[in-house]
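This report concerns only the one structure given below.
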Amino acid sequence: MKISKIFLCAAPLLLVAGIAYGNFNGGSEPDYVLDAMSAVSNKMSYSFGISKCKSVQHDEVKWDIACSSAYTPTALSFSVQPAEKAPYDVATPFYLVARNEAARKASGEGLLSFLMINTVDKSDDMKVIAAN
């Protein structure tokens with residue numbers, strides 16, 4: 001009987017401690033990165049089935065996300081920045097730049113086209129400048 005009383009008191013405390021630990025130590029991504037992962041995953045799901053996104057931090061302000069689904073042979077890779085760093089007005093709190101060919105191609109398809117993803121690669125800019 002004593003064990004069940006102890007368990008009944010300890011279980012809720014452990015649950016609350018676990019939730020608090022997850023909220024304070026889990027997910028170090030800024031809100032704009034979380035918003036970008038959610039938006040890309042949701043829009044990808046329309047065209048490519050259920051998808052998942054993961055974030056990678058390069059330094060304090062540089063973030064990338066990679067999103068994949070069962071129907072995409074290559075993960076879609078994007079660079080994520082806050083909206084105020086965008087070279088044009090965006091309707092979202094984030095600004096996306098496609099980092100691989102799969103992301104560039106998918107950026108113009110389905111619901112992903114509504115995210116205003118920048119598909120111009122910096123190396124493409126340099127090729128144009130070098131050609132002139």
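Structure data summary
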{"item": "Relative packing of peptides 53-59, 72-78 - highest average C-beta neighbours within 10 Å first", "result": "72-78, 53-59"}
{"item": "Cα pair count fraction exceeding 14 Å, expressed as % - the stretch 61-101", "result": "50"}
{"item": "FRET E, pair residue 113, residue 31, Förster distance 22 Å, beta-carbon r, rounded to 0.05", "result": "0.40"}
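Only the coordinates and a few stated rules stand behind these numbers; no lab work does. Predicted model only: the values in this text are computed from it and were never measured. All Cβ positions, glycine included, derive from the backbone under ideal geometry; neighbour counts span all protein chains shown.
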